[in-house]
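S.K.: A single structure is presented below for examination.
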Amino acid sequence: MRVLLVEDDAALGNAVSEQVADQGHAVDWAQTVSDANACLDAAAYELILLDLMLPDGSGLSFLRALRRGGATVPVIILTARDRISERIEGLNAGADDYLVKPFDLSELSARIAAVARRYAGNPNPIVTVGPLEVDLAAHVLRRDGKTITLTAREWHLLEALMRRPGTILSKTQLEESLYNFDSEFESNTIEVHISRLRKKLGKDAIETARGLGYRLNSMASGTAS
């Protein structure tokens, strides 16, 4: 999942960026409203982590502008403002969740996962796709009852495919979901990860739509090697 962090505090920004990246997500960090708007112009995000007090404007005004423009990207507010009235104002402006500083980074990870599940249309962390059982919260994958170990990149590539079942995702869409602006990767990186996933999940688990991209095959029954 590609995440935009909008936070001007250097220490907190570094900590959150590292936590989100350690969970396998791609994260771009903007420290001003202006930088955040530039990021949104350049890339598609699946989640925004938003501070409310920014050097060049209000995070709340930024959020309201997003929603007026029709943006549906989920937003979690990260702020020191802890009054009930301020929480209500943030939620009414279009936020999906509200986390008060200081917060535990593991709680942030859990809230990110919960919001992502809701937007995928399935709040249940246990998802079954053909012979695969996936616990999105615990990051546990089983095929026919046998646990399969994935790398962080493989896991989030699988999540990207699962969030849009039956939909073909292009190589570019998958790259944008996995990598931020600063990442360097080979032109065949997605193909390599897809190949490794097929070896673990079964050769028919992921379909290739030639010239278009990939999608998860919910009816796959091939044997993993």
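The values are calculated or read from the model by the stated rules, or taken from the named source; none is laboratory data. Being a predicted model, the structure only gives us computed values, none of them experimental. We place every Cβ from the backbone using ideal geometry, glycine too, and count neighbours over all the protein chains shown. Note: accessible area is taken over every heavy atom of the protein model, side chains too, but ligands, DNA and RNA are not part of it. Shrake-Rupley method; radii C 1.70, N 1.55, O 1.52, S 1.80 Å.
S.K.: For residues that are farther than 19 Å from Leu136 by Cα and of a type outside the set (Gly, Ala, Ser), scanning just region 14-26, find the one that is most open to solvent (accessible area, probe 1.4 Å).
M.R.: Glu18
S.K.: Hey, another quick one. Is it the case that region 92-111 has a residue that's among the β-branched types (Val, Ile, Thr) and under 30 Å from Leu158 (Cα atoms)?
M.R.: Within region 92-111, none of the residues are among the β-branched types (Val, Ile, Thr) and under 30 Å from Leu158 (Cα atoms).
S.K.: Name the residue, out of Arg111, Arg118, that is surrounded by 15 or more Cβ atoms within 10 Å (Cβ to Cβ), under 20 Å from Ala160 (Cα atoms), under 17 Å from the mean Cα position of the chain (by Cα) and not aliphatic (A, V, I, L, M).
M.R.: Arg111
S.K.: Quick one: count up the residues across region 22-48 that are among the aliphatic types (A, V, I, L, M) and touching a residue at least 60 places away in the same chain (Cβ under 8 Å). Talk me through it step by step, then tell me what you get.
M.R.: Residues of region 22-48 among the aliphatic types (A, V, I, L, M): 26-27, 30, 33, 36, 38, 40, 42-44, 47-48.
Keeping just the survivors that are touching a residue at least 60 places away in the same chain (Cβ under 8 Å) gives 26-27, 42-44, 47.
The qualifying residues number 6.
S.K.: Let me ask another. For the condition acidic (Asp, Glu), touching a strand residue (DSSP E or B) at 6+ places or on another chain (Cβ under 8 Å) and outside any strand (DSSP E or B), what is the one hit in Glu107, Glu89?
M.R.: Only one candidate passes the filter, namely Glu107.
S.K.: A further question on this structure: Select from region 59-104 the residues that are in contact (Cβ under 8 Å) with a residue 24 or more places away in the chain, buried (at least 18 other Cβ atoms within 10 Å of the Cβ) and in contact with a Ser or Thr (Cβ under 8 Å, 6 or more places away or on another chain) and list them in ascending order.
M.R.: Gly59, Gly90, listed by residue number.
S.K.: Still on this structure, please answer the following. Inspect region 6-13 for any residue being within 21 Å of Leu174 (Cα to Cα), of a type in the set (Asp, Glu) and crowded, with 17+ Cβ neighbours inside 10 Å and give the result as yes or no.
M.R.: So in region 6-13, the residues within 21 Å of Leu174 (Cα to Cα) come out as none.
The answer is no, given that none of the residues of region 6-13 is within 21 Å of Leu174 (Cα to Cα), of a type in the set (Asp, Glu) and crowded, with 17+ Cβ neighbours inside 10 Å.
S.K.: How about region 163-193: which of its residues are open to solvent by less than 30 Å² (accessible area, probe 1.4 Å) and at pLDDT 80 or above?
M.R.: Within region 163-193, Leu169, Leu174, Thr189, Ile190, His193 meet the criteria.
S.K.: Return the residues of region 89-125 that are at pLDDT 90 or above and on the phi > 0 side of the Ramachandran plot; say none if nothing qualifies.
M.R.: Once the filter is applied, which keeps residues that are at pLDDT 90 or above and on the phi > 0 side of the Ramachandran plot, region 89-125 yields only Gly94.
S.K.: Select from region 29-58 the residues that are more than 24 Å from Arg83 (Cβ to Cβ) and under 12 Å from the mean Cα position of the chain (by Cα) and write down the one among them that is surrounded by the fewest Cβ atoms within 10 Å (Cβ to Cβ).
M.R.: So, considering only residues that are more than 24 Å from Arg83 (Cβ to Cβ) and under 12 Å from the mean Cα position of the chain (by Cα), the one surrounded by the fewest Cβ atoms within 10 Å (Cβ to Cβ) is Ala44.
S.K.: Moving to a separate point now. Given the condition β-branched (Val, Ile, Thr), modelled with pLDDT of 80 or more, over 22 Å from Ala15 (Cα atoms) and touching a Ser or Thr at 6+ places or on another chain (Cβ under 9 Å), answer yes or no: does some residue in region 134-147 qualify?
M.R.: Checking region 134-147: at least one residue is β-branched (Val, Ile, Thr), modelled with pLDDT of 80 or more, over 22 Å from Ala15 (Cα atoms) and touching a Ser or Thr at 6+ places or on another chain (Cβ under 9 Å).
S.K.: With the requirement that a residue be within 14 Å of Ser34 (Cβ to Cβ) and assigned to a helix (DSSP H, G or I), what does region 48-68 give you?
M.R.: Within region 48-68, Gly59, Ser61, Phe62, Ala65 meet the criteria.
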